[in-house]
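Inspection log for the structure reproduced underneath, given as structure tokens.
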Amino acid sequence: MRLKPITFATILAAGLCHTALAQDTAKPATEATKAANSALLKELPFSNKQAFEDSKKGFIASLENNGVVKNAKGDVIWDLTTFDFLAGDNPAPDTVNPSLWRQAQIMQHFTGLFEVTKGIYQVRGLDISNITFIEGPDGVIVMDPLVSAETAKAGLDLYRKNRGDKPVVAVIFSHSHIDHYGGVKGVVNQEDIDSGKVKIYAPEGFTEAALNENVIGGNRQTRLSGYQYSQLVTPGPTGSVTSGLGLINSRGTITFAVPTNVITEQVQKEKIAGLDIEFMLAPDTEAPSEMFFYIPEYKALSTAEDAVHTQHNVYSLRGAKVRSAYNWAKYLKEANERWGGEAEVLYAPHHWPVWDKERVSEHLTRQSAAYKYINDQSIRLANSGYDMIEAAEMIKLPKDLQSEWGLRGYYGTTNHNVKAAIDKQFGWYNGNPATLHPLPRVEAAKKYVDYMGGADAIVEKAKVDFDNGDYRWVMQVMMQVVYADPTNMEARNLMADASEQLGYQAEAGTWRGWYMSAAKDLREGVKPVSVAVFASPDTVSAMPLELFFDFLSIRLDGPKAESKTIKLNVDLPDTKQKYLLVVQYGVLQYHKGQQATDADASLTLDRATLNEVIAGKLKVEQGVTGGKIKLDGDPKKFEEFVGLLDTFDPWYQVVMPVGTK
């Protein structure tokens, strides 16, 4: 999808009310924040510069146009210069955790085209992820072509300018996240895929996992990713610094290609572009569908996103499915056993490579140990009766792992990974019936405020806690006041101030994004900006039909549909598929290969026309008149069905009650 300010969203603006006005400027770091950030300078090995050396190794060429990329309309969808504040060797400002500042400087300083090893080249700094080019005798393999088609094309152009105009003959999607496939149409076209000229390799379950996350859950992903990746705040010392995994994600055209070659065996060998490649499936690790691969000729190993230079997410706060820390540790151990004594370079679609056999093996050993420690210790404490919040406060990585820069919590954190590990094993319920059927947030908040002596009394007490640096508690208690009365700007501003200080202290770029974005929304109200929309038209149109119907099913407004019965025959000659769609009891059921003799309407149309009708771009009667649709029965029945489909607003409230104006 071409990303632009979302005009269909409702702009939710906070009114002028209570005893204060909305604040719209960032505040400086408090003394408590300065002290917290300064303490890290003594705790961590800042004199270790190995990552700086590794990240610049193999440099070939700088990014074109100073790292600015535009779409076909001339809109800027990627601008590396917005991170110029990270240039030089300046120490971290008081408003940024010094460990996060170090990570951000590495990623900003060393961008461009790099040689990983002879035959493998990476472009870094054009997106949140890296694009990798693997040269074989028969052409080039592109690995993980970024978020957007525009940035992927810019990466390919830079590679070809320095390495020659070699044909792209294959694309490898290492896993099912959007920053690893979204730019595919920037490096290949659908015609070459359809003709077999270009092959698309992906792990088993890739299409289902990618589309489930990015389409079925696409609206929630879009909204919460705006928080997680700091898309709502301006880059700078008091705003966005980095996601921890990469600087930030691009905002260009998201595309999709259905894999032509799926890796289905646990260990599978393929010859691609004339190279022998060994694949190993690693499901339910960093993504539901993921794989590692090794190229013997280059002695080069990629463990996808499972062993990058940060502790990763066992649960991604943007709302992805909880992952298995157990599997994560297991498959890294198996990769190390299989290739650790042979691989001379370990590279990934994020950050920078690791060279030399011993360092590669040790990196994999430590990464595996960290995820196994989180899994095992979380379950140990849960079995002792501690809930996920208590366990998360108790568990710290062993000191040798805590001091490992590549395991610092820049993207995932031990705290929220422990909660995820317990949730993965035991679910959300902690066993205390008081938490079994609690009051909803707004209703409970009003009770809390009443019991605690009213909003004014709570705010006055919270101000004292703020002055004492107890920002976590201030946020918790102000949340009750804000949910009880979202027009209380004094409470919103105080909650925003606490959130901001927590953001300044956060080592995780993701946590900083959440805190800074919350502060902005609390102070200013929700204001739509340009963000990455996960359920792009190219993605939706590429969905297998049954997944497409699943997408329609979650859009069906159940209460609105519960008294209706609608039967529709759908015949798609271009895909040679027929389905019976039935709306009954508030749900949509689809039946492959069936047609009803008593259907309310029977439609014959191609897939592209069906997409247009569902998207509201084409009325059934218009399609009939224009010859795109052949219809038997009542055309209004299909329109009635479309009218039952909900349209999601990507700008719903996150830190205030849904519907707050």
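Would you check if LYS73 is among the charged types (D, E, K, R), surrounded by fewer than 12 Cβ atoms within 10 Å (Cβ to Cβ) and not in a loop (DSSP other than H, G, I, E, B)?
No.
Confirm whether LEU158 is of a type in the set (A, V, I, L, M), at pLDDT 95 or above and in a loop (DSSP other than H, G, I, E, B).
no
Filter region 500-518 down to the residues that are free of Cβ contacts under 8 Å to residues at least 40 places away in the same chain and not aromatic (Phe, Trp, Tyr), then identify the one that is surrounded by the most Cβ atoms within 10 Å (Cβ to Cβ).
GLY503
If you take the residues of region 391-406 that are surrounded by fewer than 15 Cβ atoms within 10 Å (Cβ to Cβ) and charged (D, E, K, R), which of them is farthest from GLN50 (Cα to Cα)?
Checked region 391-406; the qualifying residue farthest from GLN50 (Cα to Cα) is GLU393.
Counting only residues that are of a type in the set (Val, Ile, Thr) and closer than 15 Å to SER536 by Cβ, which one in region 208-248 is surrounded by the most Cβ atoms within 10 Å (Cβ to Cβ)?
Out of the qualifying residues, it is VAL215.
Count, please, the residues in region 1-40 that happen to be open to solvent by 50 Å² or more (accessible area, probe 1.4 Å) and at pLDDT 95 or above.
Number of matching residues: 6.
Is it the case, given these coordinates, that ASP450 is within 22 Å of the chain's Cα centre (by Cα), at pLDDT 95 or above, charged (D, E, K, R) and in a helix (DSSP H, G or I)?
Spelling it out, it is not the case that ASP450 is within 22 Å of the chain's Cα centre (by Cα), at pLDDT 95 or above, charged (D, E, K, R) and in a helix (DSSP H, G or I).
Evaluate the following for ASP574: is it charged (D, E, K, R) and surrounded by 17 or more Cβ atoms within 10 Å (Cβ to Cβ)?
So ASP574 fails the test.
Listed here are the residues, each with its yes/no results for (1) open to solvent by 10 Å² or more (accessible area, probe 1.4 Å); (2) within 29 Å of SER99 (Cα to Cα).
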site: PRO259; (1), (2): yes, no
site: GLN266; (1), (2): yes, no
site: PHE293; (1), (2): no, no
site: PRO296; (1), (2): yes, no
site: TYR331; (1), (2): yes, yes
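Mind checking whether some residue in region 126-138 is more than 25 Å from the chain's Cα centre (by Cα) and either under 17 Å from GLU150 (Cβ atoms) or surrounded by fewer than 19 Cβ atoms within 10 Å (Cβ to Cβ) (or both)?
Taking every residue of region 126-138 in turn, at least one turns out to be more than 25 Å from the chain's Cα centre (by Cα) and either under 17 Å from GLU150 (Cβ atoms) or surrounded by fewer than 19 Cβ atoms within 10 Å (Cβ to Cβ) (or both).
Looking at region 93-110, which of its residues are of a type in the set (A, V, I, L, M, F, W, C), in a loop (DSSP other than H, G, I, E, B) and crowded, with 22+ Cβ neighbours inside 10 Å?
Selection gives VAL96 alone.
Which of the residues that make up region 355-373 are open to solvent by less than 10 Å² (accessible area, probe 1.4 Å) and aliphatic (A, V, I, L, M)?
Listed by number, the residues that qualify are VAL360, LEU364, ALA370.
Would you please list the contacts, defined by Cβ atoms under 6 Å and residues six or more apart or on different chains, that run from a residue in region 344-355 that is at positive phi to a residue that is open to solvent by 10 Å² or more (accessible area, probe 1.4 Å) and modelled with pLDDT of 95 or more?
Once the first residue is at positive phi and sits in region 344-355, its partners that are open to solvent by 10 Å² or more (accessible area, probe 1.4 Å) and modelled with pLDDT of 95 or more give HIS351/HIS309.
Checking PHE638 against (1) open to solvent by less than 60 Å² (accessible area, probe 1.4 Å); (2) in contact with a Lys or Arg (Cβ under 8 Å, 6 or more places away or on another chain), only one condition comes out false. Which one?
Every condition holds for PHE638 apart from (2).
Is it the case that PRO433 is under 25 Å from VAL658 (Cβ atoms) and loosely packed, with under 14 Cβ neighbours inside 10 Å?
no
Exposed (fewer than 14 other Cβ atoms within 10 Å of the Cβ) and under 31 Å from the mean Cα position of the chain (by Cα): does that describe PRO440?
When the stated conditions are applied, PRO440 passes them.
For region 456-483, how many residues meet the condition of being in a helix (DSSP H, G or I) and open to solvent by 30 Å² or more (accessible area, probe 1.4 Å)?
Number of matching residues: 15.
Confirm whether LEU113 is buried (at least 16 other Cβ atoms within 10 Å of the Cβ) and part of a strand (DSSP E or B).
It is true that LEU113 is buried (at least 16 other Cβ atoms within 10 Å of the Cβ) and part of a strand (DSSP E or B).
List the number of the failed condition for GLU546; all other conditions in (1) modelled with pLDDT of 95 or more; (2) closer than 30 Å to ARG220 by Cβ; (3) touching a strand residue (DSSP E or B) at 6+ places or on another chain (Cβ under 9 Å) hold.
(1)
Enumerate the pairs (first residue in region 620-645 and of a type in the set (Phe, Trp, Tyr); second residue anywhere and assigned to a helix (DSSP H, G or I)) with beta-carbon separation below 6 Å, excluding pairs fewer than 6 apart on the same chain, so at least 6 apart or on different chains.
Within 6 Å, the pairs are PHE638/VAL620.
Kindly indicate the residue of region 158-183 that is closer than 9 Å to VAL140 by Cβ and in contact with a Phe, Trp or Tyr (Cβ under 8 Å, 6 or more places away or on another chain) and also surrounded by the fewest Cβ atoms within 10 Å (Cβ to Cβ) among those meeting that condition.
Going through the qualifying residues, I end up with ARG163.
Go over the candidates VAL116, VAL76, VAL96, VAL68 one by one and state the one that is free of Cβ contacts under 8 Å to residues at least 12 places away in the same chain and either over 16 Å from TRP352 (Cα atoms) or aliphatic (A, V, I, L, M) (or both).
When all the criteria are applied, what remains is VAL76.
Go through region 235-276 and give me each residue that's without any contact (Cβ under 8 Å) to a residue 40 or more places away in the chain and either of a type in the set (S, T, N, Q) or over 29 Å from VAL140 (Cα atoms) (or both).
Within region 235-276, GLN266, GLN268 qualify.
THR625 is checked against (1) under 28 Å from PRO259 (Cα atoms); (2) of a type in the set (Ser, Thr, Tyr); (3) at pLDDT below 95 and fails just one. What number does that condition carry?
(1)
Among all residue pairs at least 6 apart or on different chains, which show Cβ distances below 9 Å where the first residue, located in region 191-203, is closer than 18 Å to LYS166 by Cα and the second is loosely packed, with under 14 Cβ neighbours inside 10 Å and of a type in the set (Asp, Glu)?
Every condition considered, the pairs that remain are LYS197/GLU191.
Please go through region 41-65 and give me each residue that is more than 18 Å from SER403 (Cβ to Cβ), open to solvent by less than 30 Å² (accessible area, probe 1.4 Å), of a type outside the set (S, T, N, Q) and in a helix (DSSP H, G or I), ordered by number.
Correct list: empty.
Report, by residue number, each residue of region 214-254 that is within 25 Å of THR647 (Cα to Cα), within 13 Å of the chain's Cα centre (by Cα) and of a type in the set (A, V, I, L, M, F, W, C).
VAL215, LEU224
The values are calculated or read from the model by the stated rules, or taken from the named source; none is laboratory data. Keep in mind that this is a model prediction, so the values were computed, not measured. Neighbour counts run over all protein chains shown; Cβ positions are idealised from the backbone, glycine included. Quick note on the areas: whole protein, heavy atoms, side chains included, nothing else; ligands and nucleic acids left out. Shrake-Rupley method; radii C 1.70, N 1.55, O 1.52, S 1.80 Å.
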